[in-house]
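Structure record follows, encoded as structure tokens.
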Amino acid sequence: MKILKYFLLLAVLSVVALFVYIATQNGAYTVKRSLFINAPQSTVYHYINNLKSWEDWAPWEEFNHDNMVFDATVKGDSAGFSWTSKNGNGSIKTIKAIPKDSLTQNLVVDKSTSIMGWKFKSESKGTMLTWSVKGTMNIWMKVTSFFQGGPEYIIGEKLDRGLANIKNYFSKELSEFTVDTKGLVVQGETYYIMEKGTADNENLAEEMALIAQSLIDFVKDNSLTLKGKPFAIIERHTATADSVSFSMCVPIAEEIFTTEDSQVQGRKQESFVSFNTVLKGDYSHLKTALADSRMAMEKANQVENFSKNVILVFEKSILDTRKPSEWITSIQMPLDDKAPAAALTRYSNKARNDSNNTVNEVPQPVMPTQQP
């Protein structure tokens, strides 16, 4: 019995000694990881700086659409979001953003605060991305960390996984694309609402999606009927190397009338002929898709009407999935007003049913007017 007591006493003393040892260890830590990303410095910066993109790559299971609540600002200084989950609650706030260079963020998890840093270094053919976390462990974090391999292992594994996800996004999601030149179509008459916008090339998808969602909400709030996918009229004469001006639109079933100073405008589309090309992939490949489309038009002896604007129909967009490789965009290139006969049969108003000699309605594509 005495031997058992000695063993128990020894065990207790060992636990106390271990606890004292752990408690007296330096709680400060800094964990840092770096990875080369095959994308320009500005592109990588804009992606990380936009906190909504963290849903795509963050290595924490808690970071998903259902758990995350975004602040009014999601880019640059004061941008932030919070989350709640069974594993704990937390928040991230950007406290300093130096464009294309670095980000400093405040990370709070269950009242424990640490500082996250991002560094974007331009290199040949890409960007060296560095992600660091710096903080101080309390007594319970020290104990947990001791038995799980230390902060270098626990935090380092998350940083490695997050950087790998970011690399995969740029190597797969942004690089994979296809272009399919479909040919001539006649776009039918329809009604739509629109709102003007301007965005730099880095944020084009996000800005268009924001306006598109606002227009869809407008349709619902005013008891209108949505009739098709969102689309954008690209104002070719105002486009620059860095930015794009556009009119974001959604088709509706009935005509509405608005005042000239209204933010949302009602419009009517008259039928017109266009050359259709489908891009599957990120909008950064639009330039290639437009070039392929013009080559196909030249081979088909079709002439582009430069007095009218190019139209993008978002068959599948960021409103449907955050994976750019799955986005499907129909590019409508306007042609001369004299429609070729071959195009006129593509979307005729009626089609003959040979089995019973009855006439069936053929669904017409819905497109915007050329005068936003």
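A few points about this structure:
- A straight Cα-to-Cα reach below 17 Å connects residue 121 with the aspartates and glutamates 101, residues fewer than 8 places away in its own chain not being considered.
- A protection proxy built from the mean count of other Cβ atoms within 10 Å ranks the segments 184-191, 211-218, 72-79, most packed first, as 184-191, 211-218, 72-79.
- Listed residue pairs exceeding 27 Å between alpha carbons, taken from 93/280; 111/167; 86/119; 52/119; 167/196: 93/280; 111/167; 86/119; 167/196
- Accessible area of region 24-118 divided out per residue, in Å², using a probe of 1.4 angstrom: 49 Å²
- Under 14 Å from residue 182, Cα to Cα: aspartates and glutamates that are on another chain or at least 8 residues apart: 292, 298
- Selection from 212, 223, 198 lying farthest towards where the dipole of region 184-240 points positive, charges on Cβ: 223
The values are calculated or read from the model by the stated rules, or taken from the named source; none is laboratory data. Values in this document were obtained by computation on a predicted structure and should not be read as measured data. Quick reminder, even Gly has a Cβ in these numbers, built from the backbone with ideal geometry, and neighbours come from all protein chains shown. The area values use the complete protein model at the heavy-atom level, side chains included, leaving out ligands, DNA and RNA. Shrake-Rupley method; radii C 1.70, N 1.55, O 1.52, S 1.80 Å.
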